[in-house]
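Remarks on the structure that follows.
The values are calculated or read from the model by the stated rules, or taken from the named source; none is laboratory data. This structure is a prediction, so every number in the text was calculated from the model and none was measured. Note that we place each Cβ from the backbone using ideal geometry, even for glycine, and neighbour counts take in every protein chain shown.
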Amino acid sequence: MLKQIFKELKRHIPFTMFGAVTGIIVMIIIVFFHTPREISNAIFYTLHPLHVVLSALTTISMYRLHGRGKLWKAIIIGYTGSIGIATLSDAIIPYLGGGLLNVQMEFHVPFIETAKMPFIGIAKWKIVNSAAILGIVIGCLKPKTRFPHFGHVLLSTWASLFAFTAFGVANWIPLLPFVLLFLFLAVWIPCCVSDIVFPLLFVREK
């Protein structure tokens, strides 16, 4: 299992780095056009639920395609794998990264936040948890892993990026090399763990 994990992590390095570089390009555009934090905030709370949908879909699909566990077990795996990893990738790692860079960051945990979403006025926890349920339902009805995983990696990268610009205030240009590193780490290990390693831990047969 460990050998397979390292193999998957190695295979994902080029694509994850590509996603991180696109994130840096977006950050340069944001800085260049002096984009207000409110816009970054709205984009983050759009990308994060989409990330949760694809994460839940991929996680439960991997489990359903490789195992024969009960439905309730698959649902728990899909929910914890998506909400837990998406929160780590999109919220916690950017927060910790900002702290290491001496950037004042606001701490957010979207799946328990009672504040309302920008523009639509619905509580954030309702949207994020509903996104997980949607991904679980799709994964149960029509399990697929390749395209959802591809989208999961990109959405995770961009959500992590907008977490920096939505919840932190800094002169980002000199920090771009470090932001690139944190974007890479925020996606590389969590997404591979969520989509591949985590669900396969509960599969009995080889």
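Listed values, structure above:
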read-out	value
Exclusive hit being surrounded by fewer than 24 Cβ atoms within 10 Å (Cβ to Cβ) and within 22 Å of L185 (Cα to Cα), set P36, P14	P14
Count - residues of the range 88-117 that are part of a loop (DSSP other than H, G, I, E, B) and of a type outside the set (G, A, S)	10
Cβ-Cβ under 7 Å pairs, at least 6 apart or on other chains, the range 162-188 side closer than 28 Å to L9 by Cα and touching a residue at least 24 places away in the same chain (Cβ under 8 Å), far side among the aromatic types (F, W, Y) and in a helix (DSSP H, G or I)	F162/F44; A163/F44; V179/F164; V179/W172
Sole residue being modelled with pLDDT under 90, of a type in the set (A, V, I, L, M), part of a loop (DSSP other than H, G, I, E, B) and out of contact with any Gly (no Cβ under 9 Å at 6 or more places or on another chain), chosen from I120, I85	I120
Tally, over the range 162-186, of residues that are in contact with a Leu (Cβ under 9 Å, 6 or more places away or on another chain) and either within 16 Å of T16 (Cβ to Cβ) or among the aromatic types (F, W, Y) (or both)	7
Tally of residues being modelled with pLDDT of 85 or more and either among the hydroxyl-bearing types (S, T, Y) or not in a helix (DSSP H, G or I) (or both) across the range 1-54	8
Where R64 falls short, out of the listed (1) out of contact with any Gly (no Cβ under 8 Å at 6 or more places or on another chain); (2) in contact (Cβ under 8 Å) with a residue 40 or more places away in the chain	(1)
Out of I138, I122, I133, I77, sole residue that is surrounded by 23 or more Cβ atoms within 10 Å (Cβ to Cβ), more than 18 Å from A166 (Cα to Cα) and not small (G, A, S)	I77
Flag if H108 is crowded, with 22+ Cβ neighbours inside 10 Å, in contact with an Asp or Glu (Cβ under 7 Å, 6 or more places away or on another chain) and not acidic (D, E)	no
